[in-house]
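Everything below concerns the one structure shown next.
The values are calculated or read from the model by the stated rules, or taken from the named source; none is laboratory data. The structure presented is a predicted model; accordingly, all values stated were derived computationally and were not measured. Here Cβ is always computed from backbone atoms with ideal geometry, including for glycine, and neighbour counts include all displayed protein chains.
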Amino acid sequence: MKILVINTGSSSIKYQLFDMPEGTVMASGLVERIGESNSVLTHKYFKDEAYTHRIEQAITDHKEGLNLVVNLLCDSTHGVLQDTSEIKGVGHRVVHGGETFQQPTLIDEPVIAAIEANIPLAPLHNPANLTGIEVARSIFSVPQVAIFDTAFHQSIPPYAYHYALPHELYETYRIRRYGFHGTSHMFVAKAAAQFLGRPKDELNFITIHLGNGASIAAIQNGQSVDTSMGMTPLEGIIMGTRSGDIDPAIHSYLAKQTGKSIQEIDTLLNKQSGLKGICGSNDMRDILVQREEGNALAKLAVEMYSYRIKKYIGAYFAVLGKVDSLIFTAGIGQNSKEIRSEVCQGLKGLGIEIDSDKNANRSDSPQAIQTTDSPVKILVIPTNEELEIAEETLEVIST
Ligand code: ADP
């Protein structure tokens with residue numbers, strides 16, 4: 001059965017077409033700069049081998065973008081389908097499900113209204129996700145499913161999700177920790193359980209997702225019990241351009257000292273901080289090269305980055321009591337032996353000891369990189385949020 005997975009941004013559409021339940025990727029791609037004169041559609045399709053086709057033309061809106069994608073999917077040269085009717089379901093990534101959604105959900109009018117109601121919590125993301133849903137509903141007449149970044153973390157208990165603010169702020173504005181990257185944390189936890197050959201509801205994990213955005217989750221018996229991102233994705237560990245945790249009084253101090261508005265400070269913390277703010281680059285590959293070349297700020301950035309992750313590992317160790325496995329994933333987690341090694345340095349007392357030879361080994365499959373004496377398994381597991389969305393979509397539409 002063919003399932004199309006869509007991730008819509010304010011000016012972009014990412015897509016992957018899967019043949020399920022095998023999970024084979026038939027095509028994938030990205031429509032970028034929608035609404036500008038120099039839009040680009042990069043379409044990859046897999047037949048006997050992998051091919052790429054690029055279209056550069058003005059794409060006025062998301063509907064035109066998705067229509068181009070659908071035409072390409074069925075095109076006799078670049079396509080992989082005879083007809084769009086082969087697509088039996090569409091899965092949408094939706095960033096914020098608030099407290100409304102704990103599960104992947106079949107989309108209907110009330111679900112759309114509930115996603116709309118959560119717009120104040122994710123003013124940049126939910127409107128774009130809704131556009132994707134609206135456009136896909138106008139093109140396909142098959143069941144569509146919303147998969148929420150926040151849903152996996154809805155199992156976090158109240159003492160972990162509340163902020164120590166006046167309680168009426170929670171009641172009125174729903175200010176609390178929601179957490180994000182839920183699809184990725186869940187995917188790697190499931191994959192780790194499979195790799196270890198044990199049921200996930202008997203295992204405790206600390207999952208460490210290190211991409212441009214980055215977050216850590218404490219997973220107890222297969223359920224998220226805490227995570228580093230908060231009401232928004234700004235909280236937690238240091239990210240590409242986001243500060244992560246800071247003293248909340250810095251906002252008002254900055255406003256007084258610089259005259260910046262709340263909006264400008266928000267942008268500074270989200271877009272000009274993190275690794276980029278510390279050393280000028282948000283690309284970990286560049287930063288590691290610059291550190292080798294003796295750049296002191298690149299060295300500081302890596303030290304700060306690894307130290308902050310280590311502090312969360314300590315905290316989540318205390319939360320979980322017993323940890324079966326530490327899991328590294330996403331761009332930096334999967335690819336950087338340096339960061340994995342620096343994060344795990346000095347954690348032998350917690351039963352975490354990395355094997356440097358295994359750590360240096362690159363693989364696209366899950367692998368264990370701990371020493372034989374390390375009680376905690378240290379796993380590197382490639383994440384695959386799109387496949388998780390396709391699997392959940394299939395599950396929802398099959399029931
Ligand atoms: P996104 O959140 O945009 O999906 P990714 O998961 O692709 O991000 O991660 C992007 C990050 O991964 C960048 O900082 C990039 O430099 C880093 N990265 C990718 N490959 C490597 C590598 N070999 N070594 C170190 N960092 C890497």
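Could you tell me whether segment 197-213 includes any residue that is hydrophobic (A, V, I, L, M, F, W, C), within 16 Å of the ligand (Cβ to nearest atom), under 30 Å from Leu350 (Cβ atoms) and modelled with pLDDT of 95 or more? Yes, segment 197-213 contains at least one residue that is hydrophobic (A, V, I, L, M, F, W, C), within 16 Å of the ligand (Cβ to nearest atom), under 30 Å from Leu350 (Cβ atoms) and modelled with pLDDT of 95 or more. I'd like to check something: does segment 340-351 contain any residue that is within 26 Å of Arg291 (Cα to Cα), within 16 Å of the ligand (Cβ to nearest atom) and not in a helix (DSSP H, G or I)? Scanning segment 340-351 turns up no residue that is within 26 Å of Arg291 (Cα to Cα), within 16 Å of the ligand (Cβ to nearest atom) and not in a helix (DSSP H, G or I). Sub-9 Å Cβ pairs linking a first residue in segment 281-298 that is more than 18 Å from Lys271 (Cβ to Cβ) and acidic (Asp, Glu) to a second residue that is within 15 Å of the ligand (Cβ to nearest atom) and part of a helix (DSSP H, G or I), at least 6 apart or interchain, are Glu292/Ala298, ordered by first then second residue. Taken together, the criteria exclude Val25 from residues that are under 23 Å from Leu394 (Cβ atoms) and touching a helix residue (DSSP H, G or I) at 6+ places or on another chain (Cβ under 6 Å). Screening segment 40-99 for residues that are touching a residue at least 40 places away in the same chain (Cβ under 8 Å) and assigned to a strand (DSSP E or B) and picking the one that is surrounded by the fewest Cβ atoms within 10 Å (Cβ to Cβ) gives Lys88. You will find that of Ala151, Ala136, Ala117, the residue that is exposed (fewer than 14 other Cβ atoms within 10 Å of the Cβ) and either within 17 Å of the chain's Cα centre (by Cα) or of a type in the set (Gly, Ala, Ser) (or both) is Ala117 and no other. For segment 1-18, a tally of residues being out of contact with any Pro (no Cβ under 8 Å at 6 or more places or on another chain) and outside any strand (DSSP E or B) returns 3.
Within 16 Å of Ile208 (Cα to Cα) and touching a residue at least 60 places away in the same chain (Cβ under 8 Å), is that true of Ile378? No: the conditions fail for Ile378. Looking only at residues of segment 325-349 that are free of Cβ contacts under 8 Å to residues at least 60 places away in the same chain and surrounded by 24 or more Cβ atoms within 10 Å (Cβ to Cβ), we find that the one that is nearest to Asn384 (Cα to Cα) is Arg340. Criterion first (surrounded by fewer than 20 Cβ atoms within 10 Å (Cβ to Cβ), more than 30 Å from Ser141 (Cα to Cα), in contact (Cβ under 8 Å) with a residue 12 or more places away in the chain and touching a Pro at 6+ places or on another chain (Cβ under 8 Å)) does Ser356 satisfy it? No; evaluated as a whole, the condition is false for this residue. Annotation: Ala368 fulfils all but one of (1) farther than 30 Å from Pro158 by Cα; (2) away from the ligand (no atom under 16 Å from the Cβ); (3) aliphatic (A, V, I, L, M); (4) crowded, with 21+ Cβ neighbours inside 10 Å; the unmet one is (4). Which of the residues that make up segment 358-379 are closer than 18 Å to Tyr316 by Cβ and in a strand (DSSP E or B)? Gln370, Lys377, Ile378, Leu379 - these are the residues of segment 358-379 that are closer than 18 Å to Tyr316 by Cβ and in a strand (DSSP E or B).
Among the residues of segment 217-228, just one is crowded, with 23+ Cβ neighbours inside 10 Å and part of a loop (DSSP other than H, G, I, E, B), namely Ser228. Could we say that Ala296 is away from the ligand (no atom under 15 Å from the Cβ) and within 19 Å of Ile238 (Cβ to Cβ) here? So Ala296 fits the description; yes. Take Val302 and decide whether it is under 25 Å from the mean Cα position of the chain (by Cα), surrounded by 14 or more Cβ atoms within 10 Å (Cβ to Cβ), within 16 Å of the ligand (Cβ to nearest atom) and at pLDDT 95 or above. So Val302 passes the test. Comparison of Met239, Met231 shows that the only residue that is within 30 Å of Ser365 (Cα to Cα) and surrounded by 18 or more Cβ atoms within 10 Å (Cβ to Cβ) is Met239. In this structure, is Tyr170 in contact with an Asp or Glu (Cβ under 9 Å, 6 or more places away or on another chain) and surrounded by 15 or more Cβ atoms within 10 Å (Cβ to Cβ)? The answer is no for Tyr170. Any chance segment 307-330 includes a residue that's in a helix (DSSP H, G or I), within 11 Å of the ligand (Cβ to nearest atom) and either more than 19 Å from the chain's Cα centre (by Cα) or under 17 Å from Ser215 (Cα atoms) (or both)? Within segment 307-330, one or more residues are in a helix (DSSP H, G or I), within 11 Å of the ligand (Cβ to nearest atom) and either more than 19 Å from the chain's Cα centre (by Cα) or under 17 Å from Ser215 (Cα atoms) (or both). The set of residues from segment 245-277 being more than 13 Å from the ligand (Cβ to nearest atom), in contact (Cβ under 8 Å) with a residue 24 or more places away in the chain and assigned to a helix (DSSP H, G or I) comprises Leu269, Asn270, Lys271, Gly277.
Check whether at least one residue in segment 28-47 is basic (Lys, Arg), within 26 Å of the chain's Cα centre (by Cα) and on the phi < 0 side of the Ramachandran plot, and report yes or no. For segment 28-47, residues basic (Lys, Arg), within 26 Å of the chain's Cα centre (by Cα) and on the phi < 0 side of the Ramachandran plot: present.
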